[in-house]
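Beneath this line is the structure, given in structure tokens, with notes to follow.
Each reported figure results from applying straightforward, stated rules to the coordinates on display, with no laboratory input. What you see is a predicted model, and the numbers here were worked out from it, not measured in a lab. Counting neighbours? That spans all protein chains shown, and the Cβs are built from the backbone with ideal geometry, glycine included.
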Amino acid sequence: MKNSLLIPNKFKVIGWVIFLVFCILGFFCLTKEFRIPGFQIYSLKNINENSPINFADYNLTNEFAILGITIGLLMIIFSKERIDDEYIAVLRLKSLQWAVLVSYVILLAINFCFYGLSFLMILVYNIWTIPIVFLAKFNYSLQRLKKERFSDEK
Amino acid sequence: MKNNIRVQRAIKNITQAELADLIQVSRQTINTIESGKYVPSTVLALKMARVFNKPVEEIFDLEEGD
């Protein structure tokens, strides 16, 4: 009963570090228009400016931030717990099921609350709804499991 | 599904933690199995049976509705 999709426990810490660092990068990228200088694709100068395909943003900083946040989150959710037995596997699957359901509820709520460009913006953030809801639910389940009272008389 | 792991532990005089170590799961898992919240896999049930040196049917028992 080996789950080959899971990676060793130490990747949890690495995942959190990557996630947080790239969150900060993404935050500055979004609010302060921060761009890593020189980190971009240069195109040929005499591209037809009237072309319908208009590359407004050549800089790769925001793409880099999305990549980092996604890889960080995937590392966190796919890493094993310290003691990873079959009950943890059940909790993991239940949390995933729950997360998919909740993320669609959120998506439907957004569908009726936003429209136009803001709707598209929220859809971009929505790519992380499932991992984030999963993390919250899974860790909540683990905490509850830890707090459970033991009836451990010999 | 009912189980009498608590009784079997008492007979063998081991704690939940010791049983957990013997079959390589967490103590919490043993606790959820004992309280009937979680039905273990066949692998785990057989491992427990080996620890207690009893057939699986003596530890686990079907109940109405299963």
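Of the residues B:23, A:4, A:98, the one whose Cα sits farthest toward the positive end of the charge dipole of the protein assembly as shown, with +1 on the Cβ of Lys and Arg and -1 on the Cβ of Asp and Glu, is B:23.
Between amide H atoms placed 1.01 Å from N, distances below 5 Å from residue B:26 occur with A:85, all of them 5 or more places distant or on a separate chain.
Computed from the C-beta positions of residue A:144 and residue A:71, the FRET efficiency with R₀ = 30 Å rounds to 0.55.
Tell me, in nm to one decimal, what length is gained between residue B:43 and residue B:57 on full extension, where the rule is 0.36 nm per residue of separation less the Cα-Cα distance? It would help to have the intermediate numbers written out before the result.
On the way: separation 14, 0.36 × 14 = 5.04 nm, distance 1.40 nm.
This chain segment gains 3.6 nm when fully extended.
Between residue A:27 and residue A:136, the distance separating the two model label sites (each 7 Å from Cα on the Cα→Cβ line) works out to 1.8 nm.
Couplings 3J(HN,Hα) of the stretch B:11-20, computed from phi: 4, 7, 6, 10, 8, 4, 5, 5, 4, 4 Hz, in residue order, whole Hz [Karplus 6.51 cos²θ - 1.76 cosθ + 1.60, θ = phi - 60°; x for Gly and Pro]. Close amide H partners of residue A:79, meaning residues 5 or more places away or on another chain with modelled amide H under 5 Å apart, are A:7. Here A:141, A:4 are placed in order of increasing Cβ neighbour count within 10 Å, fewest first, which gives A:4, A:141. For the residue pairs A:10/B:12; A:12/A:147; A:12/B:37, the C-alpha atoms sit more than 26 angstrom apart in A:10/B:12; A:12/B:37.
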